[in-house]
Every structure is written in structure tokens, then in C-alpha cells.
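Computed from the coordinates by the stated procedures, all read-outs in this text should not be read as laboratory data. Quick caveat: nothing in here was measured; it's all calculated off a predicted structure. Please note: Cβ atoms are built from the backbone with ideal geometry, for glycine as well, and neighbour counts cover all protein chains shown.
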Amino acid sequence: MERRRLGRTGLRVSVLGFGGSEIGYESASQATVDRLLGSALDAGLNVVDTAECYEKSEELIGAALGARRSQCLIFTKCGHAGGWSRADWRATPLLASIERSLQRLRTDHVDLIQLHSCGLDVLKRGECIRALQTARDRGLARFIGYSGDGAAARYAVECGAFDTLQTSVNVAEQEPLMLTLPLAIEREMGVIAKRPIANAVIAQRSARGGYGSEYWRRLQKLDYEFMKGRDAIATALRFTLSVPGVHTAIVGTARPGRFEENARHLEAGKLPATDMKAIRARWSEVADRSWTGQT
Ligand SMILES: NC(=O)c1ccc[n+]([C@@H]2O[C@H](COP(=O)([O-])OP(=O)(O)OC[C@H]3O[C@@H](n4cnc5c(N)ncnc54)[C@H](OP(=O)(O)O)[C@@H]3O)[C@@H](O)[C@H]2O)c1
């Protein structure tokens with residue numbers, strides 16, 4: 001599997017990473033996650049992304065990696081240790097959350113700790129950024145990042161404090177191509193594409209509950225030509241990984257074998273420039289100002 005340099009961190013990341021929210025929210029069993037991650041590592045995966053609030057995701061990953069911890073890079077997030085609706089951006093709870101993540105992940109450090117989508121005002125106050133810097137100084141994390149979208153993501157890139165940006169980039173989410181990615185390239189930041197296949201709503205031909213509904217609404221209007229073909233998911237994934245500045249795409253899954261399936265989709269390499277141009281042109285024609293970053 002192709003690896004790319006994650007900006008100025010210098011880490012070499014597999015272009016296809018693992019998104020750890022589904023295994024938590026879908027209550028995957030330990031045996032399922034063992035099989036899923038074991039075979040993905042064998043197939044070249046080296047990026048595992050999770051978060052403090054994805055139910056049991058961190059514990060499942062920690063137990064599944066076991067002795068193979070050193071074969072991959074672990075990225076996690078902080079800010080919602082008490083659950084998604086109970087954010088806390090003060091330094092003490094953030095540092096406690098990071099310590100808890102290390103225990104759950106069975107490791108003495110993570111490779112990347114990310115602020116989990118705090119708003120612009122919180123970022124500007126700076127306490128949460130200083131907390132991450134403290135975690136890095138203490139050796140709890142090698143690098144620090146921001147995960148989120150829109151104006152807060154733009155500020156995270158501008159402020160110069162973060163090594164990486166994790167943001168939604170996909171065929172139904174092209175705002176970052178103008179808003180954050182050009183500056184992230186200039187600043188040599190690592191870029192992690194979240195929701196890289198737009199929650200697979202193209203494959204399901206419907207919104208997945210409430211979560212993917214905005215993307216489904218947009219895609220019905222975008223009505224890309226490629227959506228009619230059998231390779232729609234492959235094209236969507238190749239689009240994301242062909243966007244300048246993107247280093248890795250963390251596809252979420254709770255299904256063993258998906259990583260290998262998606263890796264095969266990438267064997268064809270980047271999307272041809274004409275296809276990229278067509279998808280970009282259609283977005284420019286159809287997208288309106290309300291089509292902003294979905295967190
Ligand atoms: N605020 C934040 O920081 C934030 C927000 C959102 C996401 N994230 C991170 O980004 C990761 C990815 O985002 P996401 O999971 O929301 O969206 P996604 O990766 O775009 O889509 C995941 C969905 O796609 C399905 N899927 C995967 N490969 C497929 C294929 N080849 N064909 C058909 N369906 C396929 C998965 O179902 P199966 O289980 O059936 O494979 C899953 O339901 C998350 O896991 C999380 O780590 C972070």
C-alpha cells in the first residue's frame with residue numbers, strides 16, 4: 001500500500017487508514033475487531049484513528065493491537081470524555097482524558113492527539129491548545145492536531161500550533177479544497193480526510209439514518225455521472241485521495257475485509273485529471289453557500 005509523508009510530522013502513513021467510530025457506535029465484538037485490524041495490518045494499514053467518545057472503540061483497538069502496537073500509528077481525540085453532548089475544553093480534564101485514552105489503548109503514548117471539533121471561540125481562548133502542547137511535552141503524544149471543519153478548521157491551520165488537520169473531504173464536501181487545504185499545504189501540515197466516502201450513502205442509495213442525510217441530499221442534487229456506475233465507491237475514495245494536500249483517508253468500518261476491499265479500489269491509483277475536473281466543475285455549478293463542513 002502506498003504511504004505518504006504526513007506533512008511536517010515526517011510520519012509515513014498508509015493512504016488508507018482505519019476510522020474507529022463505527023466499531024464503537026455499532027458495538028462490534030472484540031473478535032470482530034481482532035479480525036478486522038489483524039487482517040488490515042497484514043494488508044498494509046498503519047493508521048488507526050479513534051476518539052475518547054466512540055463508546056468502546058479505544059478499548060477494542062487497544063486489545064486488538066496488543067503486541068502489534070508498534071506496527072501502526074494511533075491517532076485519538078479529546079474533549080468529550082463525558083460523551084458527545086458534554087464537551088469540556090479546560091486543560092485539566094483534557095489531560096485526564098488523554099491519560100485515560102492511553103490506558104484504554106494499552107500504550108504509553110499516542111502518535112497524534114487531536115482536539116475533537118471544538119468551536120472557534122474555544123480555540124481562540126487557547127487553553128485547549130496549551131493542554132495538547134503539555135501532553136506533547138510530557139511524551140503522552142508525539143504530535144498534536146485539530147479535527148473539525150469550517151471556520152474553526154481554518155483558524156487551526158492559520159494559528160500555526162497544530163501539526164495536523166483532520167477534516168471532512170469527499171465528493172459531497174469540497175469546501176476544504178478552497179478553505180483550508182491550500183494553506184495547510186503551504187504550512188506543511190499533515191492532512192487526514194475524515195468521512196472520505198461520504199458515509200457510503202452512494203452505495204446505499206439512501207441516507208444512513210440522520211448521520212449521512214446531508215450528504216445524501218447534496219448527492220441527489222449533484223447527480224454525478226459516476227454515481228450511476230458500479231465503481232461509485234471506488235471513484236469517491238480515489239477522488240478524496242487525489243485531492244492535493246490529503247495524506248490519508250480514514251474510512252470507517254465495523255466489517256472485517258472492508259479494508260482489503262477498499263485497498264483494491266485504490267490499486268487503480270489517482271483519478272485521472274479529467275475525472276477530477278468534472279467532479280470539481282459539477283460541485284462549483286451546484287453547491288450553494290449552505291454546503292459547509294459536516295462535522
Ligand atoms: N469530528 C470528528 O473528528 C470526526 C467526525 C466524523 C468522522 N471522524 C473519523 O473519520 C472516520 C471516517 O468517517 P465515517 O466513518 O463517518 O465515514 P466514511 O468513512 O465516509 O463512511 C463509513 C461508512 O462506509 C461504509 N463503507 C466502508 N467501505 C465501504 C465500501 N467499500 N462499500 C460500501 N460501504 C462502505 C461503512 O460501513 P461498513 O461497516 O459496512 O463497512 C461505514 O458505514 C470515523 O470512523 C472517525 O474515525 C471524525
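General remarks:
- Summing Lys and Arg as +1 and Asp and Glu as -1 over all other residues whose Cβ lies under 13 Å from the Cβ of Arg280 gives a net charge of -2.
- Theoretical ellipticity at 222 nm over the chain - DSSP helices of four or more residues, -39500 (n - 2.57) apiece, nearest 500: -12000 deg cm²/dmol
- If R0 is 41 Å, the Cβ-Cβ spacing of Asp108 and Ser213 corresponds to a FRET efficiency of close to 0.50.
- Spin-label pair Ser27-Asp42: with each label point 7 Å from Cα along the Cα-Cβ axis, the two points sit 2.9 nm from one another.
- Charged neighbours of Glu186, selected by a Cβ distance under 12 Å, balance to 0 (K, R count +1; D, E count -1).
- Stokes-Einstein D in µm²/s, Kirkwood radius over Cα pairs - the chain at 10 °C with 1.306 mPa s viscosity: 83 µm²/s
- Gaussian network model of the chain, Cα within-10 Å springs - most flexible of Cys53, Cys159, Cys72: Cys159
- Shape box of the stretch 175-248 [Cα atoms, principal axes, largest first, Å]: 38, 25, 19
- q = 0.23 Å⁻¹, the stretch 119-188: log10 I(q)/I(0) [Debye, one scatterer per Cα]: -1.00
- Mean separation of Cα contacts under 8 Å (6+ apart) over length of the chain, as relative contact order %: 21 percent
- Cα-centred dipole magnitude for the stretch 104-192, charges only on beta-carbon of K, R (+1) and D, E (-1), debye, nearest 20: 380 debye
- Cα-centred dipole magnitude for the stretch 158-212, charges only on beta-carbon of K, R (+1) and D, E (-1), debye, nearest 20: 440 debye
- Think of each Lys and Arg Cβ as +1 and each Asp and Glu Cβ as -1; about the Cα centre, that makes the dipole of the chain roughly 140 debye.
- Beta bridges by DSSP in the stretch 115-212, antiparallel share as percent, to the nearest 5: 10 percent
- The chain: antiparallel DSSP beta bridges as a percent of all, rounded to 5: 10 percent
- Extension gain (nm, one decimal) between Glu267 and Asp88, 0.36 nm per residue minus Cα-Cα: 60.2 nm
- Amide H contacts under 5 Å for Phe143, placed H, 5+ residues apart: Leu112, Ile113
- Residue with peak Gaussian network fluctuation, the chain [Cα springs, cutoff 10 Å], from Ala96, Ala161, Ala193: Ala96
- A simple count of charges around Ile250, restricted to other residues whose Cβ falls under 10 Å of its Cβ and scoring Lys, Arg +1 and Asp, Glu -1, yields +1.
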